[in-house]
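The values are calculated or read from the model by the stated rules, or taken from the named source; none is laboratory data. If you're wondering where the values come from, they're calculated on a predicted model, not measured in any experiment. For neighbour counting, all protein chains shown are included, and Cβ atoms are generated from backbone atoms with ideal geometry for every residue, glycine included. Please note that ligands, DNA and RNA were not included when accessible areas were found on the heavy atoms of the full protein model with its side chains. Shrake-Rupley method; radii C 1.70, N 1.55, O 1.52, S 1.80 Å.
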Amino acid sequence: MRSLFFYFLVLLFQVPATWAQSPQLVYDREYFQLIERLEIRQGFFTESFHTGVKPFGRKAVVRFLDGYKEAHPSLSQSDAFNLNYLLRDSWEHTTDTLELLPQQKRRRFYQHPADFYAYKDEVWDVHVNPVLHFQGGVETDEADLRFRNTRGLTLRGSIDNKIGFYTLLSTTDLVFPSWINGYVQQHGAIPGQGFWKRYGDNGYSFFSARGHINFRATRHIQMQFGHDSHFIGQGIRSFVLSDFSNPFVFVKINTRIGPVNFTNLWGQLTADILTDRGVPTDGRYPQKWFSFHRLGVNLGKRFNLGLYESVMANRMDWNYLNPLVFYRWVEHQLGTPDKVMLGTDFKWHPLKGLQVYGQFVLDEFVFNEFFGISGKGSSRNKHGFQLGIHHVEVAGIPNLDVQVEYNHARPYTFQEKFDYQSYTNYRIPLTHPRGANFRELLVQSRFQPLPKLTLHATALYQMHGKDPVSSANFGGDILKNRVENSTSLFGNFIGQGEKTQVYMGTIRASYMLHHNVFLDFSQTLRRDSGEAVSTRTKAFSQAGLRLNTAWFDPHF
């Protein structure tokens with residue numbers, strides 16, 4: 001990792017000025033859906049970036065949006081609004097930026113709707129914005145108010161038109177709904193955040209900091225160093241790498257030449273945490289090292305195939321710094337000490353407005369057991385599977401989009417037999433929130449009847465197997481040792497242990513008061529039932545105001 005960082009610094013000072021640079025967009029699921037739905041709507045892939053690896057670069061997105069706007073002069077009011085919203089959000093890269101009016105030039109702040117403060121000359125491009133998220137809600141059978149209070153600041157821009165940079169600093173106090181609170185207590189960490197402190201009797205308080213620098217080493221090679229999250233795939237969930245766990249420090253090299261996109265990612269993750277009476281405490285937390293590469297290829301303009309491989313190791317090893325080597329071969333030469341995952345993903349646009357996508361990840365492969373020749377339900381048949389459909393403008397109705405997704409992971413997938421090699425970061429799964437030993441069906445719909453008003457609906461069904469006692473291991477808790485299980489080699493099935501079912505639905509209305517200022521109202525119903533517990537039904541109503549930040553998804 002040290003040698004890779006040194007190489008990164010050497011290249012940093014050799015970047016030609018002609019390769020103009022911009023920071024990466026911050027990954028926000030709803031924001032990125034606005035971009036991706038345009039690609040689905042046009043029916044073929046953009047040449048500016050590959051959507052299977054997120055986040056994207058701002059300048060690449062603007063290039064795609066400018067081309068889309070020119071090719072589609074007649075858009076619905078909502079589509080035209082969204083397109084202009086996305087372009088205004090990265091106004092420094094647009095080709096048709098309007099000259100500032102005299103009254104705008106006299107302003108010190110908000111000369112541009114997207115930025116509280118912005119400054120641009122031949123050397124500097126700087127954008128400063130506040131971050132606010134105030135939210136309050138009530139939950140049945142709970143006396144305390146559920147709330148979120150986030151305050152922060154973002155800074156992004158570029159230097160000499162060569163080096164892009166981004167940073168976020170924020171602090172949050174909150175009280176979660178009961179099911180999220182239970183998840184935090186079980187894992188000892190907050191999804192997407194990690195470390196926390198007590199806030200009152202039932203709340204949490206945490207400080208967040210993210211940041212990266214990036215540049216182009218050549219015309220086709222982009223390099224990035226930072227502390228942030230990543231997402232691989234087209235789905236609501238990802239079995240390869242998602243943004244659900246704590247951000248981690250990383251070096252990323254992305255090479256895109258025509259239809260080929262090759263991504264290398266190396267990161268240092270937190271393997272476990274130290275606690276005192278259930279609360280994270282001071283100390284040197286154990287670390288682990290993550291190596292990942294994915295090759296994505298556009299086979300024509302409508303079908304993309306991705307192949308990936310990753311290694312989770314409890315120590316840094318120079319062998320995995322080779323960006324082109326086959327990791328599984330290297331791991332064999334070392335004595336098979338580390339956890340290797342293989343997989344594939346795809347997306348296909350059979351028609352305009354329709355995308356079919358999926359993922360398959362393989363944790364362990366024994367031929368006779370995988371195909372059931374030696375016996376059914378082997379505990380070494382460990383894999384995850386995803387299949388989804390994303391349809392925009394359903395039945396020809398403008399701005400009505402529906403996404404349907406099925407996911408499952410076999411028991412013991414993502415677990416490992418050696419310490420600190422499970423597919424986790426800060427005790428939170430790197431992929432699906434549920435870990436393993438589950439089936440899931442997700443349906444999301446989005447309707448934008450007015451340019452500033454968007455209606456969202458989400459329906460979730462999960463069936464998973466829980467461990468009846470903490471010492472048991474039926475394959476769902478991926479922090480446990482896969483060889484210390486509670487079953488035999490064969491006869492393992494999804495839902496083993498205590499079968500638990502979750503039904504959940506949310507409707508939400510979101511209104512944009514001003515650029516990146518949203519007013520949200522939502523209603524959630526949730527029912528948990530299991531073989532060993534009584535059925536629990538919850539209703540959760542909330543309202544919120546947010547500025548320059550994403551809506552927190554409670555569906556896990």
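Exactly one residue out of Phe176, Phe165, Phe134, Phe195 is modelled with pLDDT under 95, touching a strand residue (DSSP E or B) at 6+ places or on another chain (Cβ under 9 Å) and aromatic (Phe, Trp, Tyr), and it is Phe195. Look at (1) farther than 25 Å from Ser242 by Cα; (2) open to solvent by less than 40 Å² (accessible area, probe 1.4 Å); (3) in a loop (DSSP other than H, G, I, E, B) and you find that Val126 fails only one, number (3). Out of all the residues in region 54-83, which are among the charged types (D, E, K, R), open to solvent by less than 30 Å² (accessible area, probe 1.4 Å), farther than 18 Å from Ala114 by Cα and touching a helix residue (DSSP H, G or I) at 6+ places or on another chain (Cβ under 7 Å)? Matches in region 54-83: Lys54 only. Each residue in region 311-338 was checked for being open to solvent by 40 Å² or more (accessible area, probe 1.4 Å), touching a residue at least 12 places away in the same chain (Cβ under 8 Å) and in a helix (DSSP H, G or I), and 4 of them qualify. Taking the condition at pLDDT 95 or above, part of a loop (DSSP other than H, G, I, E, B) and within 20 Å of the chain's Cα centre (by Cα), does Ser238 pass? Yes, satisfied. Restricting the first member to region 65-84 and to residues that are more than 21 Å from Thr454 (Cα to Cα), and the second to residues that are open to solvent by 40 Å² or more (accessible area, probe 1.4 Å) and outside any helix (DSSP H, G or I), the beta-carbon pairs closer than 7 Å and six or more apart or on different chains are Asp66/Thr95. For Gly544, are the conditions met, namely being among the small types (Gly, Ala, Ser), at positive phi and touching a residue at least 40 places away in the same chain (Cβ under 8 Å)? Spelling it out, it is not the case that Gly544 is among the small types (Gly, Ala, Ser), at positive phi and touching a residue at least 40 places away in the same chain (Cβ under 8 Å). When each of Arg151, Arg156 is tested for being at pLDDT 95 or above and crowded, with 16+ Cβ neighbours inside 10 Å, the lone residue that passes is Arg156.
Of everything listed in (1) open to solvent by 40 Å² or more (accessible area, probe 1.4 Å); (2) among the hydrophobic types (A, V, I, L, M, F, W, C); (3) within 21 Å of the chain's Cα centre (by Cα), the single unmet condition for Ile478 is (1). Residue check: Leu86 meets all listed conditions (1) under 21 Å from the mean Cα position of the chain (by Cα); (2) of a type outside the set (D, E, K, R); (3) farther than 24 Å from His349 by Cβ but one, namely (3). Every condition in (1) in contact with a Phe, Trp or Tyr (Cβ under 6 Å, 6 or more places away or on another chain); (2) assigned to a strand (DSSP E or B) holds for Asp243 except the one numbered (2). For region 294-304, filtering for residues that are closer than 28 Å to Gln421 by Cβ and either assigned to a loop (DSSP other than H, G, I, E, B) or open to solvent by 10 Å² or more (accessible area, probe 1.4 Å) (or both) leaves 1. Of all the numbered requirements in (1) in a strand (DSSP E or B); (2) within 22 Å of Ile180 (Cα to Cα), Met512 misses one, and that requirement is (2).
Within the bounds of region 254-262, is there any residue that is among the charged types (D, E, K, R), without any contact (Cβ under 8 Å) to a residue 40 or more places away in the chain and either farther than 21 Å from His230 by Cβ or in a strand (DSSP E or B) (or both)? So far as region 254-262 goes, no, none of its residues is among the charged types (D, E, K, R), without any contact (Cβ under 8 Å) to a residue 40 or more places away in the chain and either farther than 21 Å from His230 by Cβ or in a strand (DSSP E or B) (or both). Within region 473-486, at least one residue is of a type in the set (S, T, N, Q), under 23 Å from Gly375 (Cα atoms) and in a strand (DSSP E or B).
Any residue at all in region 38-53 that is surrounded by 15 or more Cβ atoms within 10 Å (Cβ to Cβ), of a type in the set (D, E, K, R), in a helix (DSSP H, G or I) and at pLDDT 95 or above? Please lay out each step first, then the result.
So in region 38-53, the residues surrounded by 15 or more Cβ atoms within 10 Å (Cβ to Cβ) come out as 38-43, 45-53.
Pick out the ones that are also of a type in the set (D, E, K, R) and you get 39, 41, 47.
After this cut, where a residue has to be in a helix (DSSP H, G or I) as well, the list is 39, 41.
Within this subset, residues satisfying the condition of being at pLDDT 95 or above are 39, 41.
Checking region 38-53: at least one residue is surrounded by 15 or more Cβ atoms within 10 Å (Cβ to Cβ), of a type in the set (D, E, K, R), in a helix (DSSP H, G or I) and at pLDDT 95 or above.
Step by step: first the residues of region 84-99, then only those that are open to solvent by 40 Å² or more (accessible area, probe 1.4 Å) and over 16 Å from Arg156 (Cα atoms), then the one that is modelled with the highest pLDDT. Which residue is that? Among those that are open to solvent by 40 Å² or more (accessible area, probe 1.4 Å) and over 16 Å from Arg156 (Cα atoms), it is Asn84.
Out of region 185-220, which residues are open to solvent by less than 70 Å² (accessible area, probe 1.4 Å) and in contact with a Pro (Cβ under 6 Å, 6 or more places away or on another chain)? Residue satisfying the conditions is Arg210 alone. Within region 188-206, the set of residues being more than 18 Å from Leu274 (Cα to Cα) and not acidic (Asp, Glu) comprises Gly192, Tyr199, Gly200, Asn202, Gly203.
So, in region 402-420, how many residues would count as being surrounded by fewer than 22 Cβ atoms within 10 Å (Cβ to Cβ) and either among the basic types (Lys, Arg) or in contact with a strand residue (DSSP E or B) (Cβ under 6 Å, 6 or more places away or on another chain) (or both)? Steps first, please.
At the first step, the residues of region 402-420 found to be surrounded by fewer than 22 Cβ atoms within 10 Å (Cβ to Cβ) are 402, 404-406, 417-420.
Those still in the list that are either among the basic types (Lys, Arg) or in contact with a strand residue (DSSP E or B) (Cβ under 6 Å, 6 or more places away or on another chain) (or both) too: 402, 404-406, 417, 420.
Looking only at that region, the number is 6.
May I ask you to verify whether Ala71 is within 30 Å of Asp401 (Cα to Cα), hydrophobic (A, V, I, L, M, F, W, C) and modelled with pLDDT under 95? So Ala71 fits the description; yes. State all residues of region 499-537 that are without any contact (Cβ under 8 Å) to a residue 60 or more places away in the chain, open to solvent by less than 70 Å² (accessible area, probe 1.4 Å) and over 29 Å from the mean Cα position of the chain (by Cα); if no residue qualifies, say none. Across region 499-537, the qualifying residue is only Val533.
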